[in-house]
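The following block contains the structure, expressed as structure tokens.
Nothing in this text is a laboratory measurement; each read-out follows from the coordinates by a stated rule. Predicted, not measured: the structure shown is a model, and the values here were computed from it. Note that each Cβ is placed from the backbone with ideal geometry, even for glycine, and that neighbours are counted across all protein chains shown.
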Amino acid sequence: MGSLIQNAIGHGWWQPGEIPPETGNFALQNAVRRVGRSIHFIQIEGRIGVGYGGTLFYGDPAESHCPENGRPLLASVPPLSPDTLGDPLFKKAHRLKYPYIAGAMAHGLTSVEMVEAMARGGMLGFLGAAGLSPDEIETAIERLQNSLGNLPFGINLIHSPNDPQLESALVRMFIDRGIRRISASAFMDLTLPLVYYRVRGIHTDPQGNIVCPNQIIAKVSRIEVATKFFLPPPEKLLSELVQSRMISAGEAELAGRVPMADDVTAEADSGGHTDNRPAISMLPTMISLRDHLVSSYNYPRIPGIGLGGGVSTPQSAAAAFAMGAAFVVTGSVNHSCVEAGTSDVVRKMLTEARQADVTMAPSADMFELGAKVQVLKRGTLFPLRAAKLYDLYNRYTRYEDIPLKQRTILERDIFRCTFEEEWHSTRAFFGARDPRQIERAEKDPRHKMSLVFRSYLGRSSRWAQQGDPTRKIDYQVWCGPAMGAFNEWVKGSFLESPEQRRVVPIAMNLLWGACVATRIHWIRAQGIELPHEITKIPPLPLSQLLQLMDRSQPDEAAKD
């Protein structure tokens, strides 16, 4: 400890109050972790000690008089609790205690149970509605509204370029069912249904403030898309809504004075659809873009910018808030939780994943466009088989043109039936969901081949969710490298086991850990480098975290 004392910068004196100072590694470690209290590092007989409460006398110790029982003050840090992180206006707007969102993982992976847990924990969850049928979504909405009452939650609305009627139907459902918050994802451009959702019911309160009942948190990874959400809704689409009598001229006028989105999530390298953007450069860029674009508008509230993708350790969460994130969004780490709408076998696979155990693979929803999703490659052949299907689609105009040897492998290993048998089931699926695809396939053999290939890609995620033992080698499991970082962090702790992983304890550990990591940085900036074993941030049970976040302490005064 001697060298640590020599490097410390003297700040004045600390005079104890009712609580005597403490020394030793345990005292230092406990002080760092007690994020709800101010802590003062002091010198006691050549060692570093910790003081709580008391009185501070600031000034150069060499030039000031030592008070009675005073100790040289080496460093001092204020409390930093999870509920003080992020943007307070964001938390107020969405009625949250913590700046934390469980992102909307498709096909109900972000399940009703997960959304309920988030809401009851003072956080926000978005139901993973993408890929669910309208009936399934409506059933989930009814349960959430009945179980949560006034607690905040949201539903995901994913852009459906191949099925605009579905997008319109879902927006009508959300408005009819009183859903006041959506996560808009995968939008490449603004659509009429999305703008309608945003501006429907916009009005002014008795004080003249604009009230926009329907809130949008947009998830973006591209500058050109983010720009559209920072600006007001396009006049062209507003005019179309007015002409269709879907909104009034007054609503259109007010809509020109609010941003398209209340808040924006900058989506960095993540599971599922991703552009693999690095968070450390993406978030500052989005914040800069926001500041530039909104400078000419007098918005009621400037959109907050959150960060998703890569947030899975205390250090990454601390970095996000240090860079100015209004909130953080998690996805991959929630996929391995007991509340996730997936199978136990997938949860087990995810707990064993390392950062390098992910790769990009063709996606089912935008297969022809070459869009890809990030998936787990450890324990499954899905990425290789999906890539093979996309390669064959690009090389041949019809299935019959594929060499016999390749077709044999496809039918034996991937389809597990003949192509025509696979087409029969594929035809039945699209006949119920989107008959136009069948009409096109009957005229275009390449599109027919595409639909069959997409059928495999689509069902592979279902096999994973259902834990189909006969198809384990074909599981499509959406996952980003954050999963590997999380697994490394929780190794040896209670969170290592998939049976112990629950979204709220994980969220609270990330937020509490971000506070600890930030305070360690503040201590270091004042010239004290604590021993490595003291600065470790292990996952702790929720009951312990609540004690460490306790703010009850004696009042303290500072004097110059």
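How far apart, in nm, are the 7 Å Cα→Cβ label points at MET360 and GLU68?
Each label point is offset 7 Å from its Cα along the Cβ direction, giving 7.1 nm.
Which value, in Å to one decimal place, does the Kirkwood hydrodynamic radius take for the stretch 211-279 when every pair of different Cα atoms is included?
13.5 Å is the Kirkwood radius here.
Could I ask something else about it? Counting every Cα pair in the chain, what percent are over 38 Å apart?
The calculated P(r) of the chain puts 38 percent of pairs beyond 38 Å.
Stick to the Cα atoms of the stretch 96-347, pair each with every other, and give me the Kirkwood hydrodynamic radius in Å at one decimal.
By the Kirkwood definition, the hydrodynamic radius is 18.4 Å.
Residues in the stretch 100-126, backbone N under 18 Å from the label point at ARG462 (7 Å along the Cα-to-beta-carbon vector): list them, ranges by number please.
Answer for the stretch 100-126: 106-110.
Let me ask something additional. Cα centroid distance between the stretch 270-321 and the stretch 164-216, in Å?
For the stretch 270-321 versus the stretch 164-216, the Cα centre distance is 22 Å.
With point charges of +1 on the Cβ of Lys and Arg and -1 on the Cβ of Asp and Glu, referenced to the Cα centre of the stretch 86-236, which listed residue (ILE101, PRO88, THR139) lies farthest in the positive direction of the dipole?
PRO88
Could I have the simple spin-label model distance between LYS491 and ILE534, label points 7 Å from Cα toward Cβ, reported in nm to one decimal?
Going by the 7 Å Cα→Cβ label model, 2.6 nm.
Can you list the trypsin sites (Lys or Arg not before Pro) in the stretch 72-148 that are in a DSSP coil and have 13 or fewer other beta carbons within 10 angstrom?
When the trypsin sites (Lys or Arg not before Pro) of the stretch 72-148 are filtered for loop state and at most 13 Cβ neighbours within 10 Å, ARG95, LYS97 remain.
Here's something else I'd like to know. For the stretch 388-453, what is the convex hull volume of its Cα atoms per residue in Å³?
Normalising the Cα hull of the stretch 388-453 by residue number yields 76 Å³.
Shifting gears a bit: How much length would be gained if the chain were fully extended between GLU420 and MET173, taking 0.36 nm per residue of separation minus their Cα-Cα distance, in nm to one decimal?
Computed gain between GLU420 and MET173 is 85.2 nm.
Please compute the alpha carbon radius of gyration of the stretch 418-560, then divide it by the globular-protein estimate 2.2 N^0.38 Å. Two decimals is fine.
Compared with the compact-globule rule of thumb, the stretch 418-560 sits at 1.82.
Charges only on Cβ, +1 for Lys and Arg, -1 for Asp and Glu: so what's the dipole of the chain about the Cα centre, in debye to the nearest 20?
Dipole size: approximately 940 debye.
Please report SER270, SER316, SER38 as a ranked list, fewest other C-beta atoms within 10 angstrom at the top and most at the bottom.
Ordered by Cβ neighbours within 10 Å, fewest first: SER38, SER316, SER270.
Sum -39500 (n - 2.57) across every DSSP H segment of at least 4 residues in the chain, then divide by the residue count to get the 222 nm mean residue ellipticity, nearest 500.
-12500 deg cm²/dmol
Rank these for me by crowding, PHE26, PHE153, going from fewest to most other beta carbons within 10 Å.
Ranking PHE26, PHE153 by Cβ neighbours within 10 Å, fewest first, gives PHE26, PHE153.
Over the stretch 381-474, what is the mean sequence separation of C-alpha contacts under 8 Å (at least six apart), divided by residue count, expressed as relative contact order in percent?
Taking the mean separation of contacting Cα pairs over the length of the stretch 381-474, I get 34 percent.
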